[in-house]
Amino acid sequence: MIKRRLGALVPVFAVVLAACSTGGGTASQSAGASGAPAAPTLPIPSVVAAKDCKVGVSWNNYTEERWAKWDEPAIKATLAAAGAQYISNDAKSSAETQKTNVTNLISQGVKVLIILAQDGTAIKTSVAEAQQAGIPVIAYDRLIDDPSTFYLTFDNKGVGKLMAQELLKVWSKGNLAIIKGNKADANADFLRAGMTEAGIPDVGQSTADIKIVGETYTDDWKASNAQTEMEQILTSNQNKVDAVLSENDGMATGVTAALQSQGLAGKVFLTGQDGEKAALNRVALGTQVVSVWKDSRLLGIAAGVAAAQLCNGTKIDALTGVSKFTTPGGNSVSAVQLAPDPITKNNLNDVLIAGWITKADLCKGVTAGSVNGC
C-alpha cells in the first residue's frame, strides 16, 4: 500500500529528482510518547538540497490526533533530508492567534510558510503579509482561497463521494442526518459536494427514498459539538434516524456517544474519514461503515518536498504535477490533490500492513476471525 501510493507521489514532484539532492532519507513511526504504532520505514524521495532554509509551519490545532502523530513527523523528516530547518507554532483553534503566529514565523526569517488554516478567509491577511515579504505559502490540507498560494491536499470532494458511496452500498432508504465540519473551512462544503455527486440529496432536499432529517455545520470539527448536534437531531426526530454521514472520524466519535446513549450504536449506519484509531476500531466492530483513510504521511512528505523546491526559488506554478484548481471564490490556484482510500471491514488489513494502527488497537473487543485483519 505504502509503496504503491508513494509511487504515485514521486512523479508529481519528479523535478526534485533531477535537481541537486541530498540523496533522500527515511521517515518512520515507532511506538513512543506519541502513541504511534511501530511501522514500516516510509521512504522519502530524493529531495532538492535546501541547506539552511527555514520553513515555518502554522498549525491550526495541534491537539488533533493526526497532526502530531503523522503529518508533522513526515514534514520534519523530509525537510531534514533536504537540510532545511523546521519551526512551528500552534493557533489552538483561534483564527486571531493564527494570524499572530504567522507574523511571528515571518519575523523569524522563514523562506517558506506551510499553513493549516483555522479560517480560510481570516488567514488571507496573513497570506498578503507573507506575499509582501516574498514568502511563498503552502495551503496545507485546507484551502486558502488566494491565487498566490499552493493548495496541497487530498481530494476532499472525492473523500465525501467515497463516504457516500460506501454508505449507499449498505443503506439506501430512510432518514439521514449529515454532520458537517467547520463552516469556515472550505473542506466541509467540498465533502458535502462529493456526497451529492454520489447520489445523496443536495442541501435542503430529499428524495422518495432518502429524507434528510438534520444537517448542520460543526464548530471546529469538535466531537463534543457533534455529539450535541446529534442529540438534538435524535430528539427532534423521536430517534428515527437510520444513517449519519459524519464528515470526519472525530465528529463520528461524538455522534457515536449520542447514539450509544439511546441504544442505537451499531443500529444506525455511520461514516467518517481520517483513519483515526477509534474509528478504525468501530469499523472492525461494525458500528461505523467506513473511515476514508488519507495517509497523511504522504501529504507531509509532499509538503516537505515542495517546500524544499520553493526554498530554491522554484515558482509555485512551476512545481511538477501542479494543476489549476478553481476555488469556490472563482480564483485559480496551483494545486496537487492526493487520492484517499476507503477503509471498510473488507480491507482493514491495508492499515495494518501500512503500520497505521496496531492489531491490538484495531481489534479491541472484536470477535477473532469476524472481520478482515482481526
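Things to note:
- Cβ-based net charge around Val213, under 12 Å, with every Lys or Arg adding one and every Asp or Glu removing one: 0
- The residues neighbouring Ile357, those whose beta-carbon lies less than 11 Å from its own, together hold a net charge of +1 under the Lys/Arg +1, Asp/Glu -1 convention.
- Taking one quarter of the surface of the convex hull spanned by the alpha-carbon atoms of the stretch 109-186 gives a direction-averaged projected area of 6.1 nm².
- Entry note, the stretch 184-245: relative contact order of 18 percent, from Cα contacts under 8 Å with a spacing of 6+ residues.
- Integer Hz, Karplus 6.51/-1.76/1.60 couplings in order for the stretch 238-244, x for Gly and Pro: 6, 6, 8, 10, 9, 8, 9
- For the chain, alpha-carbon Rg and Dmax in angstrom: 20.5, 64
- Of all DSSP-defined beta bridges confined to the stretch 198-337, some 40% are antiparallel rather than parallel.
- Kirkwood analysis of the Cα pair distances in the stretch 54-119 returns a hydrodynamic radius of 11.9 Å.
- Entry note, the stretch 67-123: relative contact order of 30 percent, from Cα contacts under 8 Å with a spacing of 6+ residues.
- Within the listed set Gly109, Gly204, Gly174, the Gaussian network model of the chain (springs between alpha-carbon atoms below 10 Å) gives the highest mean-square fluctuation for Gly204.
- Considering only the chain, percent of DSSP beta bridges that pair antiparallel, nearest 5: 25 percent
- Rounded to whole numbers, the Karplus 3J(HN,Hα) couplings from phi for the stretch 265-270 are 4, x, 9, 9, 5, 9 Hz, using 6.51 cos²θ - 1.76 cosθ + 1.60 with θ = phi - 60°, and x at Gly and Pro.
- For the stretch 226-355, the fraction of C-alpha pairs more than 18 angstrom apart is 62%.
- Highest average first, the peptides 210-218, 252-260 ordered by how many other beta carbon atoms sit within 10 Å of their residues are 252-260, 210-218.
- Net dipole in debye of the chain [+1 Lys, Arg Cβ; -1 Asp, Glu Cβ; about Cα centre; nearest 20]: 760 debye
- Here each label is just a point 7 Å from Cα along the line to Cβ, and for Ala318 and Glu96 those points are 4.1 nm apart.
- Counted charge near Ala128, where neighbours are those whose Cβ lies closer than 14 Å (Asp, Glu -1; Lys, Arg +1): -1
- Calculated Rg and Dmax of the stretch 251-318 using C-alpha coordinates, Å: 18.6, 58
- The Rg/Rh ratio of the stretch 140-249, with Rg taken over Cα atoms and Rh as the Kirkwood radius over Cα pairs, comes to 0.99.
- Summarising the label geometry, the points placed 7 Å from Cα in the beta-carbon direction at Glu65 and Ala360 lie 1.7 nm from one another.
- For the stretch 302-374 and the stretch 170-243, distance of Cα centres in Å: 24 Å
- Note that the stretch 169-176 has calculated 3J(HN,Hα) couplings of 6, 10, 8, 8, 8, x, 9, 10 Hz, one per residue in order, obtained from phi through the Karplus relation 6.51 cos²θ - 1.76 cosθ + 1.60 (θ = phi - 60°); glycine and proline are x.
Each value in this text was obtained by applying a stated rule to the coordinates, not by laboratory testing. Please read these numbers as outputs of a predicted model, since none were measured by experiment. Glycine gets a Cβ as well: all are built from the backbone with ideal geometry, and neighbour counts include every protein chain shown.
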